[in-house]
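Asker: Got a structure for you, questions after.
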């Protein structure tokens, strides 16, 4: 790994101007994608009314972004390792901003879905670059704290998404939830270009596994289509395509001399276990936010802004506690935070079962979201630090890409599968009776997934530094 800015690989300290610039750029870039990933949930009901979209189209508006992000994030990590993490981060930021402009101008649901897919492609470049910049630039002693600051501040963007989205939807237009990305992207590019040192891996392969990237996209796309369009004539064919693409992907990665994902990275048991835990926990996280915001608006009668403000406890918890969660994981090891974080989130999810037609915010919403936010703040930084510490430094980009791909794939599959699993389809997302019944079942499933994530951590996670 080489720092072409001259400060040496891993030579930046957190408290220096350069260290603050690295964190600021990484937080703004990744935070923009997190904000966009959650802000859309608040606007979905309004978008559906304005563009006359079905539930399947609303799912694709959410999942089209996650699909391309999860499919190409590994390629984005590889490109960063080869050509420079900062360079790919900047390219991805510009790409993301242009796609956001197209989203904001979309005249139909079909155009918006296509624009969201393009937006995910830009996020696939900047997301792994943001974390890989931190891993490559900072001295080892400061990485956990830097990752804690990155995860805490970045997660705030995800948490305030419903709040910002609600205000824009209610007082301006849902189109501004996308257009707001343009000034954020501009500031991010300026900071990155002026102050962030470049790092790359001189041993990275010069060729890229485009076959692997294509097969990954077909695999996830086939599964997602089959789940969303379950019962339709195209669903069985989508399953066949997904199976063939998945098998081809594994064969290609084993035979290729320049694999997109070196399968040997999974030989590290902690790395594999942390990603398995990420899959189930982020599946639950994505589904909880998706269903909760719809429930508050359709069943409880909240406006878009009120539904956004209701999620503020998660923001507060992440703001004040995520960095401390990273320090706790450094001091006592990641096993306990990664176990009790998801278990606490599961308790919070069960407390949210009381959200319904006769809702009291102080009784039914605030306690559950506060407990959920506490668990999330406890878990996020130790999880990220564990994944990166379990991989070699030269694989920082690909390790970051794997974990981000797994997280996005978890949310993608949960949002695609859970409506089908709980009997929700067609225009029923706008029917309070149908949605209320589906919501309770979805929350129970999410609580089980979170408890499973905690169990996986307790059984498998140890301190990778030891």
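Asker: Only residues that are assigned to a helix (DSSP H, G or I), touching a residue at least 40 places away in the same chain (Cβ under 8 Å) and surrounded by fewer than 24 Cβ atoms within 10 Å (Cβ to Cβ): list them for the stretch 172-184, please. Before you say what the answer is, go through the steps one by one.
Answerer: Taking the stretch 172-184 as the starting set, the residues that turn out to be assigned to a helix (DSSP H, G or I) are 176-179, 181-184.
In the following step, the residues that additionally are touching a residue at least 40 places away in the same chain (Cβ under 8 Å) were identified as 176-179, 181-182, 184.
Within the stretch 172-184, 176, 179, 182, 184 qualify.
Asker: Of the residues in the stretch 320-331, how many are crowded, with 17+ Cβ neighbours inside 10 Å and farther than 11 Å from residue 376 by Cα?
Answerer: Residues of the stretch 320-331 crowded, with 17+ Cβ neighbours inside 10 Å: 321-323, 325-326, 328-330.
Cutting the leftovers down to farther than 11 Å from residue 376 by Cα gives us 323, 326, 328-330.
Here the count works out to 5.
Asker: Please indicate, with yes or no, whether at least one residue in the stretch 378-397 is within 16 Å of the chain's Cα centre (by Cα), at pLDDT 75 or above and within 14 Å of residue 289 (Cα to Cα).
Answerer: Taking every residue of the stretch 378-397 in turn, none turns out to be within 16 Å of the chain's Cα centre (by Cα), at pLDDT 75 or above and within 14 Å of residue 289 (Cα to Cα).
Asker: Return a yes/no flag: does the stretch 303-316 have any residue that is under 24 Å from residue 457 (Cα atoms) and either in the same structural domain as residue 358 (by TED's automatic domain parsing) or touching a helix residue (DSSP H, G or I) at 6+ places or on another chain (Cβ under 9 Å) (or both).
Answerer: First, pick out the residues of the stretch 303-316 that are under 24 Å from residue 457 (Cα atoms): 314.
Now narrow it down to the ones that are either in the same structural domain as residue 358 (by TED's automatic domain parsing) or touching a helix residue (DSSP H, G or I) at 6+ places or on another chain (Cβ under 9 Å) (or both): 314.
For the stretch 303-316, residues under 24 Å from residue 457 (Cα atoms) and either in the same structural domain as residue 358 (by TED's automatic domain parsing) or touching a helix residue (DSSP H, G or I) at 6+ places or on another chain (Cβ under 9 Å) (or both): present.
Asker: Which residues, counting only those in the stretch 359-373, are surrounded by fewer than 23 Cβ atoms within 10 Å (Cβ to Cβ) and touching a residue at least 40 places away in the same chain (Cβ under 8 Å)?
Answerer: Filtering the stretch 359-373 down to residues surrounded by fewer than 23 Cβ atoms within 10 Å (Cβ to Cβ) leaves 359-364, 366-367, 370-371.
Within the stretch 359-373, 359, 361, 366, 370 qualify.
Asker: I've got another one for you. Would you check if residue 87 is surrounded by fewer than 20 Cβ atoms within 10 Å (Cβ to Cβ) and at pLDDT 80 or above? Outline the logic, then answer.
Answerer: Numbers: surrounded by fewer than 20 Cβ atoms within 10 Å (Cβ to Cβ): yes; at pLDDT 80 or above: yes.
So residue 87 passes the test.
The values are calculated or read from the model by the stated rules, or taken from the named source; none is laboratory data. Small disclaimer: the values here were computed from a predicted structure and weren't measured. Positions of Cβ are backbone-derived with ideal geometry, glycine not excepted, and every protein chain shown enters the neighbour counts.
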